[in-house]
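What follows draws every value from the coordinates through simple rules; no lab data is involved. Quick caveat, the model's predicted, so the values are computed rather than measured. As a convention, Cβ positions derive from the backbone with ideal geometry for all residues, glycine included, and neighbour counts pool all protein chains shown.
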């Protein structure tokens, strides 16, 4: 009996040929079954790609603030937003804390200060004007001279502030790339002047566009930075302060602990009082965001997976039809000694073939659509990550085998006598 | 012999049904695909709607659909420059403005001033941190749905003599009095003693802010505690729901008279209308819908492909039968309508099952999610319409193939 001595490899090869034959002999039907899987895979892969891109882009936005930095702020949450009711009575941190942290923290390498000027000061909206161009989408910040070094921003042109400029409250400014485009068009901003709250400033630096963002938006690109000392002089009531604490290499946890201890001492907190400030790192912010986005992502991908399940139903449908049509053939094979396992394998391989073809085509379509979407919709990225391609192919294979199992086991369980009698 | 259109359709549907029933398994799978897709879409639609309705219900407690607010500045949806201009131009709203509004309300509008801030509230050694303390008048009861569980709201007399009385929210009652009856007991707000005269029922949260941590005290008592607020908000409502447009006009005219604005001059106060307050919730639901809609449409598309395949197989297997019937005089149209009927039958049956499954899923999810979810008649109707038209779309290609069957070749087929 040849069936006894055959290796499983030749068995698989034979089953695969049978499957290819069957697919070839029914092109329209196979095409439609594959199309169902294509629709499912395109939906799942594209949705996954969009979610992954939004997430990575947002993560990059925070990493660009320096991965070795610890951010200290008196409120929980976004320094550009007003305080929540619970924290409304917390006092802001003081810029002077920076010196104390740098002096007393052994794991602290450097501390930079960012002072955030609110968009409306004394009932007047802050705008930046250069010639005829004026914009009110501008975030005015005071920065210490070492800010750009600590936060690691790249310059497109020009230079950071000097200590002297900060101490002398010099009227110099560094502009973000969006702000530079709004004020000076495509010309270089460095050396030009701008008017802020009735005072003229000279632009000494322009930062390079940030890579991260939320749907293409990154407010760091709209920042108008002036020296800390200048803010103290021109906007004396502003006290919203963020401290950027840069740790020595590999000592971030220690720097965190030291910062907490020092700030508690500076804020005169008793041993049983809670922190009245919040420390964070780019990682801790990203982790918090991931907790939220994981839930949203799970629901969205589950919704997308419905299409794939329906594609699987399509495969099951074709397989059931195929098994029914070939009842006589299966009966004959079983009667002349084919084993049930072989029949099962034959139909499983046929199902897997259909769905994997669909999966591969779906991934290709998704890649193409991703490129087109990224190209045409600004601020939207749908570049398909490699793991999503692999996951898509694996999912299509899994769906095919699952969907094919029931028809295949029906085929394998046929009674050869009954099957031969089938008309 | 010419048959009437109706009996011809009935026959087509009968044939289609027989064909569908004869091939139970594939009919089942085709219908299942549609059922899954329709159920998904219906659940997404009703889920989003349920969420939007829940948010509207809770925000209606804070801001009823016929309530509006006269305020110094509404800051939403305007540019930074325009906001700064308004802040400079619009004077603060004070108690005297509210008295003026009241005097010329002419029974068409009810006004209640409101000043709010957060403060700790204590009773004995228990503290509730950051309660939302609101200074207001007795009229607020006629404007907002305050849901008093026990006791009563502030009275006009208490308001006038700045009585030290308070109505407290459910969270505060349970945190400070833990099961005891708070009525008649004392709470301290910013160190001063207030007698509890009313307790609110649980209200839920609106736009992420809890409505159960309110402490309502007379406005004059509030001003004694915290000083006069920078500007008051004036909540307003027409006692007759049909008169809300007239009430808004009345409020604007009265305020303009109070501020002695000349005709043509811009208002130096803002009106916060219910549409603007509701916009936020609707925008969120809209965005979620914008993402969910194309994804669930893809499911329907995949299901259409499955039904197409089912019908195509049915046509292929009956090629001989179709050929013979064509030879015996059946028209192309007849064959086409029969195939379309088969596809639609599968799809509509699937749609029906999907709608029922969606209803069951929603009923099961209702309790743990705390939303009120159910299928609206309109959803059922358009779900079935969507299923039916999916059937037509799915049947189109197989029907064309059936109509083009070569009669001679089909009969020769073995």
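Below, the figures for the structure above:
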item: Value of [θ]222 nm, deg cm²/dmol, for the protein assembly as shown, DSSP H segments ≥ 4, -39500 (n - 2.57) each, nearest 500; result: -19000 deg cm²/dmol
item: Nearest 10 degrees, 0 to 90: helix A:282-325 Cα axis against chain A principal axis; result: 20 degrees
item: Taking region A:1-157 and dividing mean pair separation by its residue count, relative contact order in percent (alpha carbons under 8 Å, at least six apart); result: 18 percent
item: Virtual spin-label span in nm between residue B:257 and residue A:237, 7 Å along Cα→Cβ; result: 3.6 nm
item: In degrees, nearest ten, helix B:80-89 long axis to first principal axis of chain B (Cα); result: 30 degrees
item: Inter-site label distance for residue A:109 and residue A:422 at 7 Å from Cα along Cβ, in nm; result: 7.2 nm
item: Of B:346, B:41, B:284, the one that fluctuates the most in a GNM where chain B has Cα springs shorter than 10 Å; result: B:284
item: Label-point separation in nm, residue A:409 to residue A:195, each point 7 Å along Cα→Cβ; result: 8.1 nm
item: Part-to-part distance (alpha-carbon centres) for region A:338-403 and region B:109-130, which is given in Å; result: 59 Å
item: At R0 = 25 Å, FRET efficiency that the Cβ-Cβ distance of residue A:168 and residue A:99 yields, to 0.05; result: 0.85
item: Region A:281-423 - percent relative contact order, Cα under 8 Å, separation 6 or more; result: 41 percent
item: Calculated FRET value between residue B:78 and residue A:13, using beta carbons and R₀ = 60 Å, to 0.05; result: 0.25
item: Gap separating the Cα centres of region B:319-345 and region B:164-227, nearest whole Å; result: 76 Å
item: Average beta carbon contacts from partner chains per residue of B:35-45, 10 Å cutoff; result: 2
item: Between helix B:24-62 and chain B: long-axis angle, C-alpha atoms, 0 to 90°, nearest 10; result: 10 degrees
item: Share of pairwise Cα separations in the protein assembly as shown, more than 56 Å, in percent; result: 32 percent
item: Theoretical FRET efficiency, 1/(1+(r/R0)^6), r = Cβ-Cβ of residue A:377 and residue B:161, R0 60 Å, to 0.05; result: 0.40
item: Using distinct alpha-carbon pairs, which all enter the 1/r mean, Kirkwood radius of region B:91-268 in Å; result: 17.1 Å
